[in-house]
Amino acid sequence: MWLQTSCELKFIIEMPTPFVLMLRPRSGAQQWVASEEYLLYPNVLAVEFTDDYGNLCQRLVAPPGEFTIYTSARILTADDVDIVPGGAFVDVQNLPDSVLKYLLPSRYCESDRFGDMASEITASQKPGYDQVREIERWLHNTIMYQPGSSSLPLSAIEVNHQQYGVCRDLSHLGVALCRSLSIPARMVVGYLYGLQPMELHAWFEAYVAGRWYTFDATQSVKLGGYVSIGYGRDAADVAVYNQFGPAVFPIQQTVYVHRV
C-alpha cells in the first residue's frame, strides 16, 4: 500500500541547543521511499550521517526561540506482515556478523534475567519463529497496552513488574525474552497505518529462518502498513530526537499516516 506519513515537532529553545534527529525513513526490503520533505523553521545547517545501525541521522544546533521540525514521506509498504510458521531457529554460529549484537543484553533489555521465564512461556513451541509468536501472544494477553501511560522508557524488568506500558515498553520485554532464547531481536520505531491514537509507534523484529520478521504485541490483528524509521538494540538507540544541554520537550507533536 502507498502511505503518506508526516511528523511535526515544535520546541521552545532558550539557548543554542544541539540535536541529533532520526526522522528520515530509508528504503529497504519492506518499504520504498518514493519522495520526502524535510523542513526546519527557522532554517539551520544540518549534517546527515548513518549511525551504527544503518539509520539516517541529522545533526544540527537549534537557535533560541520557536523551532519546528517537519518531515513527510510518500512510501510504498507491504499490504501484509510476512509470517513463517515453523520458521527455523538459526544457530548462533551461523548468524551473520551484523546480527550478533542483537543477542546481547542492553540498557532496557536485560535478557540475561529472563531465561527461565522465556523457556516457560515457549515450552510447547518449536525453536525459532513459533517461539517468538508465542512470546508475542503472551505479551498481548498478559501486559496491558496503555498509550500515554509512561513518558520515560522502562526496562524489561520494570515492564514485567508493572504489567502495563506503552508500545515501547512491550517491545523491550519482547526483545529481552527473545534474546534470552538466543534469538536475535531488535527494536523498531516508525509509523503504523490505522494506529489509534495516532502517534509514533514501536514494535520489535526477531531474526529467524534467515531474515528479520515483524512482531507487535500491541495489535490484536497484525495487518500491513508499518513504516520503519529506525532500528536499534532498544529505545536508547532509536530516539527520534536526542537533545543535549538543558532539557527541552516538544510543545507540540503531530503525526499523520494516510493511505494514498
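The values are calculated or read from the model by the stated rules, or taken from the named source; none is laboratory data. Not measured: the values here are computed from a predicted model. Every residue, glycine as well, gets a Cβ built from its backbone with ideal geometry; the counts of neighbours run over all protein chains shown.
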Candidate set: region 209-252, residues that are among the polar types (S, T, N, Q) and surrounded by 15 or more Cβ atoms within 10 Å (Cβ to Cβ); chosen: the one nearest to residue 36 (Cα to Cα): 228
Pairs with Cβ under 7 Å, 6+ apart, first in region 153-165 and under 18 Å from residue 178 (Cβ atoms), second part of a strand (DSSP E or B) and small (Gly, Ala, Ser): 154/165; 159/165
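Got at least one residue in region 90-98 being loosely packed, with under 14 Cβ neighbours inside 10 Å, touching a strand residue (DSSP E or B) at 6+ places or on another chain (Cβ under 9 Å) and at negative phi?
At the first step, the residues of region 90-98 found to be loosely packed, with under 14 Cβ neighbours inside 10 Å are 91-94, 96-98.
The next check asks that each one be touching a strand residue (DSSP E or B) at 6+ places or on another chain (Cβ under 9 Å); those that pass are 96.
Right, trim to at negative phi and you get 96.
So far as region 90-98 goes, yes, one or more of its residues are loosely packed, with under 14 Cβ neighbours inside 10 Å, touching a strand residue (DSSP E or B) at 6+ places or on another chain (Cβ under 9 Å) and at negative phi.
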Long-range neighbours under 9 Å by Cβ, at least six apart or interchain, first residue free of Cβ contacts under 8 Å to residues at least 60 places away in the same chain and of a type outside the set (Val, Ile, Thr) within region 93-108, second outside any loop (DSSP other than H, G, I, E, B) and buried (at least 17 other Cβ atoms within 10 Å of the Cβ): 96/207
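For (1) assigned by TED's automatic domain parsing to the domain that holds residue 206; (2) surrounded by fewer than 18 Cβ atoms within 10 Å (Cβ to Cβ); (3) out of contact with any Leu (no Cβ under 9 Å at 6 or more places or on another chain); (4) over 25 Å from residue 229 (Cβ atoms), each residue gets a yes or a no:
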{"site": "31", "(1), (2), (3), (4)": "no, no, no, no"}
{"site": "38", "(1), (2), (3), (4)": "no, yes, no, no"}
{"site": "50", "(1), (2), (3), (4)": "no, yes, no, no"}
{"site": "55", "(1), (2), (3), (4)": "no, no, yes, no"}
{"site": "66", "(1), (2), (3), (4)": "no, yes, yes, no"}
{"site": "85", "(1), (2), (3), (4)": "no, yes, yes, yes"}
{"site": "132", "(1), (2), (3), (4)": "yes, no, no, no"}
{"site": "135", "(1), (2), (3), (4)": "yes, no, no, no"}
Test: residue in region 118-125 that is touching a residue at least 40 places away in the same chain (Cβ under 8 Å), surrounded by 14 or more Cβ atoms within 10 Å (Cβ to Cβ) and within 23 Å of residue 190 (Cα to Cα): no
Test: residue 233 is within 27 Å of residue 123 (Cα to Cα) and in the same structural domain as residue 115 (by TED's automatic domain parsing): no
Scan of region 104-117 for residues that are surrounded by fewer than 21 Cβ atoms within 10 Å (Cβ to Cβ) and in a loop (DSSP other than H, G, I, E, B), ordered by number: 104, 105, 107, 110
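Between 185, 209, 217, which is of a type in the set (A, V, I, L, M, F, W, C) and closer than 14 Å to residue 102 by Cα?
On the way: 209 fails: closer than 14 Å to residue 102 by Cα; 217 fails: closer than 14 Å to residue 102 by Cα.
None of the other options fit; the residue is 185.
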Boolean, residue 73 is of a type in the set (A, V, I, L, M, F, W, C) and free of Cβ contacts under 8 Å to residues at least 24 places away in the same chain: no
Count of residues meeting criterion [among the hydroxyl-bearing types (Ser, Thr, Tyr), assigned to a strand (DSSP E or B) and within 24 Å of residue 180 (Cβ to Cβ)] in region 203-227: 3
